[in-house]
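One structure is given here, and the rest of the page talks about it.
Each value in this text was obtained by applying a stated rule to the coordinates, not by laboratory testing. What you are looking at is a predicted structure, and each value in this text was computed from that prediction instead of being measured. Here the Cβ positions follow ideal geometry from the backbone for every residue, glycine too, while neighbour counts run over all protein chains shown.
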Amino acid sequence: MDLIQSIALSAGLAWASGLRLYLVVFLAGALAQGGYLQLPATLAVLQHPLVIGVAGVMAVAELVADKVPAFDSLWDSVQTFIRIPAGALLAAFALGEVDPAWMLAAGLLGGTITAGTHFAKAGSRLAINTSPEPFSNWLASFGEEGMVLGGLWAMLAAPALFLGLLAVFLVVAGFLLVRLWGFVGRLLRRV
């Protein structure tokens, strides 16, 4: 695996974990077990049938939980304590056997990417949940799943393109987070 592929794998796993951690772990493990994804030895555990099975069950649970308005925000609040550290670990271990300083740097950056993605997702879903109809929630949920699938495909097929798109996403997510912070402040003042 060359440097761009390693960086794309590290950043991609972190980014996608902020949206759908369990789906990412399931897909990475299943694709690696099927020979479609070369994971470094430090992430070989993702190929274990137990990890794939548990991640698959949790991915289905998240798929259902994410479609229920209001419950999805509760789910996201609990997942804050799971997605961010897991995304940081996946990012760090995706570099493989490297100097521990590089792994730590990748973990810090990966955790930041995961946190930004997660908070943009959770904040936008909180805003969507103020709408009385459920269809916007479902549309957002399916859109997030599509982003994860498309992002992982781009990460594998065109790592440099993926990194460019990720940079754009992070800028947009940063803007969205600033706007959502204002929205939450106004919402809290009304309550």
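Net charge in the neighbourhood of Pro134 (other residues with Cβ under 14 Å of its Cβ; Lys, Arg +1, Asp, Glu -1) is -1.
Gain in length, Val172 to Val54, computed as 0.36 nm per residue apart minus the alpha-carbon separation, to one decimal in nm?
Details: separation 118, 0.36 × 118 = 42.48 nm, distance 3.26 nm.
Gain on extension, Val172 to Val54, equals 39.2 nm.
If you take all other residues with their beta carbon under 14 Å from the beta carbon of Thr42, and give Lys and Arg +1 and Asp and Glu -1, the sum is -2. Positive contributions from Lys and Arg (+1) and negative ones from Asp and Glu (-1), summed over other residues with Cβ under 13 Å from the Cβ of Leu180, come out at +3.
Using only C-alpha positions, report the orientation-averaged shadow area of the convex hull of region 34-113, nm², one decimal. Walk me through the intermediate numbers first.
Numbers: hull surface 24.8 nm².
Averaged projected hull area, Cα only: 6.2 nm².
The chymotrypsin sites (Phe, Trp or Tyr not before Pro) of region 1-107 that meet both conditions, a loop assignment by DSSP and at most 13 other Cβ atoms within 10 Å of the site Cβ, are Tyr36. Helices assigned as whole DSSP H runs in the chain whose Cα atoms extend at least 20 Å along their own long axis and whose mean Kyte-Doolittle hydropathy is 1.0 or higher are found at 3-33, 49-65, 159-190.
Using only alpha carbons, build the gyration tensor for the chain and give me the equivalent ellipsoid semi-axes, biggest first, whole Å. It would help to have the intermediate numbers written out before the result.
Details: eigenvalues 166, 69, 40 Å².
Its equivalent ellipsoid spans semi-axes of 29, 19, 14 Å.
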